[in-house]
Amino acid sequence: GGHLLPHCCGKKDPVSVGLVRSSASETQKNEKACCMGILNSLKNFMTGTRDYSDLKGWAAESATYAKAGEVKEKSEAGHCIATFGGGCFWGVELLYQRVPGVIGTAVGYSQGKVEHPSYEAVCSGTTGHTEVVQLTYDPEVVTMKALTELLFTKINPKLKDQVGNDRGTQYRHGVYYHSDEQRVAAKEVFDKVKEKHDPVYTELEAAGVFYPAEAYHQQYLEKGGRNGSGQCADKGCKDPIRCYG
């Protein structure tokens, strides 16, 4: 449908028109960075370890909680934390980056049964994780209810383990709350959704430990995506989100 995010995480480039191509040098630079990230991730997949030292911003702070196995309600700066799953995390992160009141964002993996999973491990569908965006926000500017409503504009709640062309348990959609206050606010939205849709497969669960994804995934579309053409992450931006960049 028109509200679904396009396929992001497949192995092939999308067949679509209007994608802005970067210069050869920009493309080569982005491809090199992406390949290095993939090689590091493959190494981590083989060894069962993760190195978070190259992360920045909220991703770096969230990594300290991941290493401690903690689920926090608020960031060091006192902002509320919320976690959302909506299929491939690249487009969902940009969606929330643009929301006034959202302070920081990071993509990663949550709701699984393996500690410190790699991208490849999660994509295998064997770890139990789903791709998510974790964000910090100022509740005086944007509410949990509004953030939850935004998610439902980008998913079809009647599709199980699927958003657009992304299929598998690692793409299941959900709202993962960090406090009872968030649970109540999200449930209000879920109840309204259930009046229109049956069944509803979107999860509403307490947040598990969030493991931030590898650095090359963070703010992926803002940085240029696969095509080296960075997309606007300004607050209030309404530009269409091109999932590959």
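Every residue, every condition in (1) closer than 29 Å to Lys160 by Cβ; (2) modelled with pLDDT of 95 or more, yes or no:
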site	(1), (2)
Leu4	yes, no
Asn30	no, no
Cys35	no, no
Asn44	no, no
Thr49	no, no
Asp54	no, yes
Ala60	no, yes
Gln111	yes, yes
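Within the stretch 215-230, the set of residues being buried (at least 23 other Cβ atoms within 10 Å of the Cβ) and part of a loop (DSSP other than H, G, I, E, B) comprises just one member, Gln218. When you look at Lys145, is it under 17 Å from Leu221 (Cα atoms), in contact with a helix residue (DSSP H, G or I) (Cβ under 8 Å, 6 or more places away or on another chain) and surrounded by fewer than 19 Cβ atoms within 10 Å (Cβ to Cβ), yes or no? No; evaluated as a whole, the condition is false for this residue. Exactly one residue out of Lys154, Lys235, Lys160, Lys194 is of a type outside the set (A, V, I, L, M, F, W, C), farther than 25 Å from Ala63 by Cβ and in a helix (DSSP H, G or I), and it is Lys194. Restricting the stretch 110-135 to residues that are within 15 Å of the chain's Cα centre (by Cα) and assigned to a helix (DSSP H, G or I), the residue that is surrounded by the most Cβ atoms within 10 Å (Cβ to Cβ) is Val122.
Sort out which residues of the stretch 156-197 are touching a Lys or Arg at 6+ places or on another chain (Cβ under 8 Å) and exposed (fewer than 15 other Cβ atoms within 10 Å of the Cβ), and write them in order of number. Answer for the stretch 156-197, where residues must be touching a Lys or Arg at 6+ places or on another chain (Cβ under 8 Å) and exposed (fewer than 15 other Cβ atoms within 10 Å of the Cβ): Lys160, Glu188, His197. Residues that are in contact with a Cys (Cβ under 9 Å, 6 or more places away or on another chain) and either of a type in the set (Phe, Trp, Tyr) or farther than 17 Å from Pro212 by Cα (or both) within the stretch 120-152 comprise Tyr137, Asp138, Pro139, Met144, listed in sequence order.
Conditions (1) at pLDDT below 95; (2) in contact with a Pro (Cβ under 8 Å, 6 or more places away or on another chain); (3) more than 22 Å from Cys232 (Cα to Cα), marked per residue:
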site	(1), (2), (3)
Arg98	no, no, no
Ile103	no, no, no
Ser118	no, no, yes
His129	no, yes, yes
Leu135	no, no, no
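Of Val92, Val184, Val142, Val107, all but one fail to be without any contact (Cβ under 8 Å) to a residue 12 or more places away in the chain and either in a helix (DSSP H, G or I) or in contact with a strand residue (DSSP E or B) (Cβ under 8 Å, 6 or more places away or on another chain) (or both); the exception is Val184.
The values are calculated or read from the model by the stated rules, or taken from the named source; none is laboratory data. Quantities reported herein were computed from a predicted structural model and do not represent experimental measurements. Cβ atoms come from the backbone with ideal geometry, glycine included; neighbour counts cover every protein chain shown.
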